[in-house]
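Just below is one structure, and these are the notes that go with it.
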Amino acid sequence: MHRLQIDLSPDQGLIETDDASYVVDADVMLEWPQRDGSHYQARFRLIEGELYLLDHNSDEV
């Protein structure tokens, strides 16, 4: 099964680094099955209009 989940009110709404602060607009999770029976999941973060890959993995089912 394919799944897309968008959180428009993420818990971490602001990310601070040493030299700047960034507004997190949304957390996005995308999941889909692979032919070998595993599934793949990718998580993204939308920050000030730019989409960034947060992490990804493939798990055996």
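The values are calculated or read from the model by the stated rules, or taken from the named source; none is laboratory data. In this text the structure is predicted, and so the values were computed from the model without any measurement. Virtual Cβ from ideal backbone geometry, glycine too; neighbours counted across all protein chains shown. In case anyone asks, the SASA skips ligands and DNA or RNA and just uses the protein heavy atoms, side chains included. Shrake-Rupley method; radii C 1.70, N 1.55, O 1.52, S 1.80 Å.
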Pairs, first under 21 Å from G13 (Cα atoms) in the stretch 30-57, second aromatic (F, W, Y) and open to solvent by less than 60 Å² (accessible area, probe 1.4 Å), C-beta under 7 Å, six or more apart: L51/F44; Y52/F44; L53/F44; L54/F44
Which numbered condition trips up D18, out of (1) in contact with a strand residue (DSSP E or B) (Cβ under 6 Å, 6 or more places away or on another chain); (2) outside any strand (DSSP E or B); (3) among the charged types (D, E, K, R)? (1)
Could you grab the pairs with beta carbons closer than 7 Å, sequence gap of 6+ or different chains, first residue in the stretch 1-25 and free of Cβ contacts under 8 Å to residues at least 40 places away in the same chain, second one among the basic types (K, R)? V24/R45
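Taking the conditions exactly as written (open to solvent by less than 70 Å² (accessible area, probe 1.4 Å) and either in a strand (DSSP E or B) or not hydrophobic (A, V, I, L, M, F, W, C) (or both)), does D27 satisfy them or not?
Values: open to solvent by less than 70 Å² (accessible area, probe 1.4 Å): yes; either in a strand (DSSP E or B) or not hydrophobic (A, V, I, L, M, F, W, C) (or both): yes.
Yes; evaluated as a whole, the condition is true for this residue.
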Residues of the stretch 5-48 satisfying the condition of being in contact with a Pro (Cβ under 9 Å, 6 or more places away or on another chain) and closer than 13 Å to D59 by Cβ: H39, Y40
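Which residues, taken from the stretch 30-48, are at positive phi and open to solvent by less than 60 Å² (accessible area, probe 1.4 Å)?
At the first step, the residues of the stretch 30-48 found to be at positive phi are 37, 48.
Scanning the stretch 30-48 gives a single hit, G37.
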